[in-house]
1. Out of the residues in the stretch B:131-145 that are in contact with a helix residue (DSSP H, G or I) (Cβ under 6 Å, 6 or more places away or on another chain) and in a helix (DSSP H, G or I), which is surrounded by the fewest Cβ atoms within 10 Å (Cβ to Cβ)?
2. Tell me, please, whether a residue that is more than 8 Å from every other protein chain (Cβ to nearest Cβ), in contact with a helix residue (DSSP H, G or I) (Cβ under 9 Å, 6 or more places away or on another chain) and within 15 Å of residue B:276 (Cβ to Cβ) can be found in the stretch B:54-69.
3. Is there a residue being in a helix (DSSP H, G or I), under 25 Å from residue B:276 (Cα atoms) and either away from chain A (no Cβ under 12 Å) or in contact with a strand residue (DSSP E or B) (Cβ under 8 Å, 6 or more places away or on another chain) (or both) anywhere in the stretch B:105-127?
4. Hey, does the stretch A:147-163 have a residue that's in contact (Cβ under 8 Å) with a residue 24 or more places away in the chain and at the interface with another protein chain (Cβ under 9 Å from one of its Cβ atoms)?
5. If you take the residues in the stretch B:88-104 that are more than 7 Å from every other protein chain (Cβ to nearest Cβ) and within 11 Å of residue B:166 (Cβ to Cβ), which one is nearest to the chain's Cα centre (by Cα)?
6. Based on what the data block shows, is residue A:213 farther than 30 Å from residue B:250 by Cβ and more than 11 Å from chain B (Cβ to nearest Cβ)?
7. Checking residue A:276 against (1) surrounded by fewer than 22 Cβ atoms within 10 Å (Cβ to Cβ); (2) within 13 Å of chain B (Cβ to nearest Cβ); (3) touching a helix residue (DSSP H, G or I) at 6+ places or on another chain (Cβ under 6 Å); (4) over 23 Å from residue A:139 (Cα atoms): exactly one of these is not met. Which one?
8. Of all the residues that make up the stretch B:157-200, how many are farther than 30 Å from residue B:225 by Cα and outside any loop (DSSP other than H, G, I, E, B)?
């Protein structure tokens, strides 16, 4: 489909810049532009205020003991070691559970599914809808599922990972579909013309070409799971955990839950700890997002 | 479509892929069943009209009462405040990015919005309680408010939702054909007139979808309200009052250990079902609106 925009390619997209012609220099357009800038600046300033506030509150408690100590009843001795290890366990298991299923589902929908078949249309609609279901509902689902299969101790790593997996599955499916869609059809046609089967084409051409997109989407989805607390609250992850998690059936708590716990305590010392743990969490998330952006810019092919 | 002849193993692979895709459907069915079965148990003991219309929420008292209206009023307050913040600011940011920003500027500003979207909600909750409510409202402004308020929770939730509103409505604005803008400019309009009278109306269904998705996120957000909005379920009469939202109730009730099948346990799912029904309706509206704006050009 050729639009007017394409046919004008090469021409400047919009010849006017604000303030360059008299009609842009009247008061109303200038005030309008200031208002637009203000709305973006308020958002950025809020982000800065949040970061500065967290660093000021938690900076003094940010140190080695935070990483090595166990939670304690006195804020001076407490640390987030089990929460950090718990987060690593839960996110690791979540990644192993979700990425293969999400990629397979996306491959089915993009490369094999007959888009007009009712089954595939229902799945499409489902994926869109699931992406907007409140996270706490996934907690209710996991809680009901564990009750159904008769698990009495619901605060276990695999239970938390299950809830988070279902939560981020739609995110990974949507990101993978976009990555697969970005592979031009000439690549597929070429492979098929040489006698490859559909699956050989997918496995040897389409998937390798979409790995950067899949990686970016998966990292962003996992960073969302890392910051999520609501579904885990329902599994009782708020209990006092003073041991290192060591397996799929081990009890656990995670960083966001630990922050929630400390925020709710009356003593000021725990609030500082909550802020210090927030620094760790924000740092990890920035690292993951940075990695995702790096992969996107470094490895994404331009066809 | 005339691919090489499929090998026997590939039939198996296709089935595996289809099963993976079906997980999405199984999840939805699972959610519906997980919510409805305990909710039926709940409605056997509590008449549905007492639940939907009752104005006293005290599930754990001796004379228990299950009127959900107080929870709904708190959710309405936090959602309305969040929208008052996120809709104007999000749309302003979207117009700036799509109509004014050079590609270079857009490349710097969009990642900042992405970071804003990536901050964990529990950190936003800490910020709402410790900074907005306790430092700004109580120490600096000396407002007549307690330890919690729906205003602090709603304001911070609004900031959290700005990127959602901004990015979806920017997509809709960027999809408006350049020819419309050029036509408008040729008729003598300046950029403000073009933005407000041409781009904005043309992108309206996408903008509505962005707002609707913002509503869905605000209604379903849990950690910010659980930390900063309060924990007493009373009808909220003003922004400086505290109040427990639907999600806030589910989060706080989860802290107590309730036996599977007890009325307390079933209550969680009745509120969860109401929450799911609200967000599902809102999501369907959003999906329909997005489809409309995709078909527009």
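The values are calculated or read from the model by the stated rules, or taken from the named source; none is laboratory data. Quantities reported herein were computed from a predicted structural model and do not represent experimental measurements. Every residue, glycine as well, gets a Cβ built from its backbone with ideal geometry; the counts of neighbours run over all protein chains shown.
1. B:131
2. For the stretch B:54-69, residues more than 8 Å from every other protein chain (Cβ to nearest Cβ), in contact with a helix residue (DSSP H, G or I) (Cβ under 9 Å, 6 or more places away or on another chain) and within 15 Å of residue B:276 (Cβ to Cβ): present.
3. no
4. no
5. My answer is B:90.
6. yes
7. (1)
8. Count: 22.
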